[in-house]
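Report on the following structure.
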Amino acid sequence: MKRIGVLTSGGDSPGMNAAVRGVVRAALGRGVTVTGFLHGWQGVIDNEALEMTSKTVGGIIAQGGTVLRTARSKEFMSPEGRVKAMGVLKSEDVEGLIVIGGDGSLTGAKALYDEFDFPVVGVPGSIDNDISGTDFSIGFDTAVNTAVAAIDKVRDTAYSHERVFVIEVMGRANGFIALEVALSCGAEAVIVPEVPYSLLNICDYLRKMAGKGKRSAIIVVAEGAARASDIKEFIQSNTGFEVRYLVLGHMQRGGSPTAFDRTLSLRLGAMAANRLISGFHGDMVGVDGQKLVSHPLSYVLSTERTIDPDRMMLVDVMAQ
Ligand code: F6P
């Protein structure tokens, strides 16, 4: 291979820049040139190509977001869109592509691989950490740390005013962020879409704790499970406690990546480039413990990541 391409697609996540840096410098080190496509799959269709040099990726390791920009392309989801994209890749002499993104982006990579036998390698990039085949996806650790730092501040005022706070975190249809955040900030309860919950039980628990003199609490709710505003109303009207809510929102997607996310991203990016250049295609790279691994995209996209029941239980045990 003489030239490969790289793009970031879907929701941005802190560490994507470090991954791009890993891809570019590993490829250049093997004498392979790199084209970056702006705005994800849409940028391939629209031929927003950019020559990536060692300098292009200088100084970006600590930057949140993605210098390649990102988008969610409807056009690429149609067969016609993919034919256009293939035409552009050919005209730009791009012989293989590294796709950094979540489920939707990796589904696009698999489509190119299946339909055109085009060499692709996926890199898991999403704060949601909902991608199978890897313990961590790029940006999860940073997003969790961002949410925890915010909730630590809320805890102070919750304690002073003896209030209950319901805090909504991202995660799309999954509760991985919520669970990790709840454990890290010592939340009194967590609500995730994967596990049935009872608001009446939570109200009972709050009353019981108030009886013991503990009159403030943090309840973390995953956006995919319920709206924080609804939970607030329910608890307030059932218990008479003063309740406030907060939606952390997109702040969880931004900010400088943690050291963990930086090294994870660099390692995954470099590995993806090396595998693509060495002829291993149709896979997604990932991490299993400390080890880098790789799984077929067909496996990754057909397997669901599940919530750890021990961690769920630990939230309750710690809240006694
Ligand atoms: O997938 C990442 C994510 O931040 C989800 O947690 C969230 O549901 C979604 O993207 C928000 O998407 P948008 O930025 O399009 O509002």
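The values are calculated or read from the model by the stated rules, or taken from the named source; none is laboratory data. Model, not experiment: these values are computed from the prediction. Because the Cβ atoms are built from the backbone with ideal geometry, glycine has one as well, and the counts that use them run over all protein chains shown. For the accessible areas, the whole protein counts, side chains as well, though only heavy atoms, and no ligand, DNA or RNA atoms are used. Shrake-Rupley method; radii C 1.70, N 1.55, O 1.52, S 1.80 Å.
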* May I ask you to evaluate 6.51 cos²θ - 1.76 cosθ + 1.60, the Karplus curve with θ = phi - 60°, for each residue of the range 250-257 and list the ³J(HN,Hα) values in order in whole Hz, giving x for glycine and proline? => 5, 4, 5, 8, x, x, 5, x
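Kirkwood hydrodynamic radius, computed over distinct alpha-carbon pairs, for the chain: how many Å, to one decimal?
Across the chain, the inverse of the average 1/r is 20.5 Å.
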* Around VAL57, with a cut-off of 11 angstrom between Cβ atoms, what is the net charge of the other residues, counting Lys and Arg +1 and Asp and Glu -1? -> +3
* Return one whole number: the accessible area per residue of the chain in Å², for a 1.4 Å probe. => 42
* Asked: What net charge do the residues around GLY31 carry, taking every other residue with its C-beta under 13 Å from that of GLY31, with Lys and Arg at +1 and Asp and Glu at -1?
  -> +4
* To do: Starting from the amide H of TYR245, placed 1.01 Å from N in the peptide plane, find each other amide H under 5 Å away whose residue is 5 or more places distant or on another chain.
  => VAL166
* Percent carbon-and-sulfur accessible area, the range 4-110, ignoring ligands, DNA and RNA, probe 1.4 Å -> 54
* Straight-distance crosslink candidates among aspartates and glutamates, where the alpha carbon sits under 18 Å from LYS208 and sequence neighbours closer than 8 are dropped -> GLU162, GLU188, GLU242, ASP316
* **Debye log10 I(q)/I(0) for the range 1-159, one point scatterer per Cα, at q = 0.09, 0.14 Å⁻¹** => -0.30, -0.67
* To do: Give the cross-link partners of LYS74 among the lysines, using a straight C-alpha distance below 24 Å as the criterion and excluding same-chain residues fewer than 8 apart.
  => LYS84, LYS90, LYS110
* Structure fact -> With label points set 7 Å from each Cα along the Cα-to-Cβ direction at MET86 and ARG3, the distance between them in nm comes to 1.9
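Can you order the peptides 259-272, 2-15 by their average number of other Cβ atoms within 10 Å per residue, highest first? List each step's numbers first, then the result.
Details: 259-272: 23.0, 2-15: 26.5.
Put in order of decreasing packing, that is 2-15, 259-272.
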* Asked: Under a Cβ-Cβ cut-off of 11 Å, what is the net charge of the residues other than MET284 that fall near it, where Lys and Arg count +1 and Asp and Glu count -1?
  -> 0
